[in-house]
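First up is the structure itself, then whatever we jot down about it.
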Amino acid sequence: MGAGYLGNAGVFLVQTLFGLFCLAVLLRLLLQWVRADFYNPLAQFLVKVTNPALRPLRRFIPGYAGIDFAALVLALTLQLIELVLVDAILDRGFNIPGLLVRSVAGVATILVYIFIGSILIQAIISWVNPTGYNPVTAILYRLNEPMLAPARRLMPPIGGIDLSPLAVLIVLQLVLLLIIAPLSDIGMALSLGRL
């Protein structure tokens, strides 16, 4: 198909569809990990969207220590399929070790962006309506608090301003730059036979 207009449209569609579903699976994984309220409307939406794919996997892949390994395997599989389709559309060669490394890097990237986005949304909501209750706010608090609490202990609020979200965002960006980007580059080099 090549990388012309049709190829670019195909890559966009594949990345969007697989990316959104992988995002839903990883959000569900994270919400289970932090023991969020699954009667929350957002959590209910994620359960209904991801259950058809997760239910069969759970028969063979059990969870352990609060981690839903079926969801993790599903997310890695979705990333793997997405990469195979994109490489096929772009007529790029690929091999299994490179695809596996790139899949892990892709899932890790989505996880980091989930935290970056949720921290930014929580910060904006705290500026606009700090005392109001919203089901999304409860989910965001439950999701972000495991990272924000240690940062808050290291950096207590200064003059009533909590700088812990800024500190966590800086660390997450460094994780993207120093860990995930090199991992993705190694996966691409393996896929193209340069390693």
For Arg58 and Val128 in the same chain, what is the full-extension length gain: residue separation times 0.36 nm, less their Cα-Cα distance, in nm? 21.1 nm
Residues whose placed amide H lies under 5 Å from that of Gly63, excluding near-sequence neighbours: Phe69
Pairing the Cα long axis of helix 5-33 with the longest principal axis of the chain, what angle in degrees results, from 0 to 90 and rounded to the nearest 10? 40
Angle in degrees between helix 96-128 and the longest Cα principal axis of the chain, rounded to the nearest 10: 30
Return the distance in nm (one decimal) between the two label points of a simple spin-label model at Trp33 and Ile81, each offset 7 Å from Cα along Cα→Cβ. 2.2
Amide H proximity to Leu163 below 5 Å, modelled H, separation 5+ or other chain, gives Ile158
With everything on Cα atoms, drop me the angle between helix 164-175 and the longest principal axis of the chain, reported from 0 to 90° to the nearest 10. 20
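Could you give the length gained by full extension between Ala149 and Val73, i.e. 0.36 nm per residue of separation minus their alpha carbon distance, to one decimal place?
Stretched out fully, the Ala149 to Val73 stretch lengthens by 24.5 nm.
All of the numbers you see were taken from the coordinates with simple rules; none came from a lab. The shown structure was predicted, so the numbers you read here are calculated from the model rather than taken from an experiment. Quick reminder, even Gly has a Cβ in these numbers, built from the backbone with ideal geometry, and neighbours come from all protein chains shown.
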